[in-house]
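Asks: Could you have a look at this structure, given as structure tokens, before my questions?
The values are calculated or read from the model by the stated rules, or taken from the named source; none is laboratory data. As the structure is a computational prediction, the values presented were derived from the model and not from experiment. FYI the Cβ positions are ideal-geometry reconstructions off the backbone, even for glycines, and counts take in every protein chain you see.
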Amino acid sequence: MNGPPSSSRKLVLFTRSPRAEARAKGLPVKSGARLFERFLESWEEAAGRVGASLLVVAPPTSTRALGLLFRNDPVEVACQRGTSFADRVESAVSGAFGPGTSPLVVAAGDTPAPDPSVLEEAFSRLERDDHQVVLEPSPDGGVNLIGLARPVPGLLSEVDWSEGLVHRSLHSQARLRGLRVHVLPARLDIDRIGDVAEARRLAGGSGEWSRYERLLDALLQTTATVVPLSIRLPSILGRSGAAARAPPILP
């Protein structure tokens, strides 16, 4: 499915370099980086399918590696700016909303892109209604995706980015500003080693995780004897306030 030509659509991806992402999650660097690199590829593919430009926003220590990764692709790589998590999210969104940009979808790089039909639905809803916000929650109470039709001053800076509260807080802040909220089905993200096992279970079906079955197997083979599956690790669009996901945090 190809989206309508729409140079005004922009997809902003918060992430670290694949190797940095693997280290931050406590995964074996080599096999973990392969998985996160494939996630990046999936987002680039999805952006192309819905006619959106792709902006990758990363910590200063990851921009060089990401620039090399996308050196032959029409992808912009920018550095995260701000002292707090909220500052970095707000800065990235306000910077991405340049002249002629609308709508905007902000996503986390520690989960694969959804089916292009899901992204198309998000962009289409925002194009039809500039008083709407689109959210895709993660099972732990965070969010994987935030869709905005226009800048909403204060929305992101007022969110409680604490673990487990992000989706609820975003939903509440949007409603307080008179915005309609459309919630997409929740999807798993890789924030801890136990999530790798859950993703592998899901890969046994015919869903999106089946594309990553071999990469997940490789990770599980090397992590099972190293770190207990229950250990929780840092995330991206809000899981543990100050040391969270790849988006606007981490050195």
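Asks: Can you name the residue in the stretch 67-85 that is under 28 Å from Val166 (Cα atoms) and touching a Pro at 6+ places or on another chain (Cβ under 8 Å) and, of all such residues, is modelled with the lowest pLDDT?
Replies: It comes out as Phe85.
Asks: Also, I was wondering about something else. Go through the stretch 199-214 and give me each residue that's buried (at least 21 other Cβ atoms within 10 Å of the Cβ) and either under 30 Å from Arg150 (Cβ atoms) or of a type outside the set (Phe, Trp, Tyr) (or both).
Replies: Ala199
Asks: Hey, another quick one. Applying the selection to the stretch 99-128, what residues are among the hydrophobic types (A, V, I, L, M, F, W, C) and either free of Cβ contacts under 8 Å to residues at least 60 places away in the same chain or not in a loop (DSSP other than H, G, I, E, B) (or both)? Before the answer, list the steps.
Replies: To start, the set of residues in the stretch 99-128 that are among the hydrophobic types (A, V, I, L, M, F, W, C) comprises 104-108, 113, 118-119, 122-123, 126.
Passing the criteria: Leu104, Val105, Val106, Ala107, Ala108, Val118, Leu119, Ala122, Phe123, Leu126.
Asks: Would you mention how many residues in the stretch 55-66 are crowded, with 20+ Cβ neighbours inside 10 Å and touching a Pro at 6+ places or on another chain (Cβ under 8 Å)? Show your work before the answer.
Replies: First pass over the stretch 55-66, keeping only residues crowded, with 20+ Cβ neighbours inside 10 Å: 55-59, 62, 66.
So of that shortlist, the ones also touching a Pro at 6+ places or on another chain (Cβ under 8 Å) come out as 57, 59.
So the count comes out to 2.
Asks: Hey, another quick one. Among (1) modelled with pLDDT of 90 or more; (2) under 21 Å from Val57 (Cα atoms); (3) of a type in the set (A, V, I, L, M); (4) buried (at least 22 other Cβ atoms within 10 Å of the Cβ), where does Val196 come up short?
Replies: Only one criterion is unmet by Val196, namely (2).
Asks: Same structure, new question: Looking at the stretch 177-193 only, could you name the residues that are of a type in the set (A, V, I, L, M), under 25 Å from Ala46 (Cα atoms) and either crowded, with 17+ Cβ neighbours inside 10 Å or without any contact (Cβ under 8 Å) to a residue 24 or more places away in the chain (or both)? Can you show your working first?
Replies: So in the stretch 177-193, the residues of a type in the set (A, V, I, L, M) come out as 179, 181, 183-184, 186, 188, 190, 193.
Imposing the further condition that a residue be under 25 Å from Ala46 (Cα atoms) reduces the set to 181, 183-184, 186, 188, 190.
Residues satisfying the conditions are Leu184, Ala186, Leu188, Ile190.
Asks: Condition first: of a type in the set (S, T, N, Q) and at pLDDT 95 or above. Now tell me which residues in the stretch 211-222 satisfy that.
Replies: First pass over the stretch 211-222, keeping only residues of a type in the set (S, T, N, Q): 221-222.
Of everything in the stretch 211-222, nothing turns out to be of a type in the set (S, T, N, Q) and at pLDDT 95 or above.
Asks: Being modelled with pLDDT under 95, small (Gly, Ala, Ser) and either in contact with a Cys (Cβ under 7 Å, 6 or more places away or on another chain) or surrounded by fewer than 14 Cβ atoms within 10 Å (Cβ to Cβ) (or both): is that true of Gly238 here? So that I can check it myself, show each step before the final result.
Replies: Numbers: modelled with pLDDT under 95: yes; small (Gly, Ala, Ser): yes; either in contact with a Cys (Cβ under 7 Å, 6 or more places away or on another chain) or surrounded by fewer than 14 Cβ atoms within 10 Å (Cβ to Cβ) (or both): no.
Considered against the rule, which asks whether it is modelled with pLDDT under 95, small (Gly, Ala, Ser) and either in contact with a Cys (Cβ under 7 Å, 6 or more places away or on another chain) or surrounded by fewer than 14 Cβ atoms within 10 Å (Cβ to Cβ) (or both), Gly238 comes out as no.
Asks: List the pairs whose first member sits in the stretch 159-176 and is of a type in the set (A, V, I, L, M, F, W, C), whose second member is part of a loop (DSSP other than H, G, I, E, B), and whose Cβ atoms are under 6 Å apart, counting only residues at least 6 apart or on separate chains?
Replies: Within 6 Å, the pairs are Trp161/Gly238; Val166/Gly142; Val166/Gly238; Leu170/Val159.
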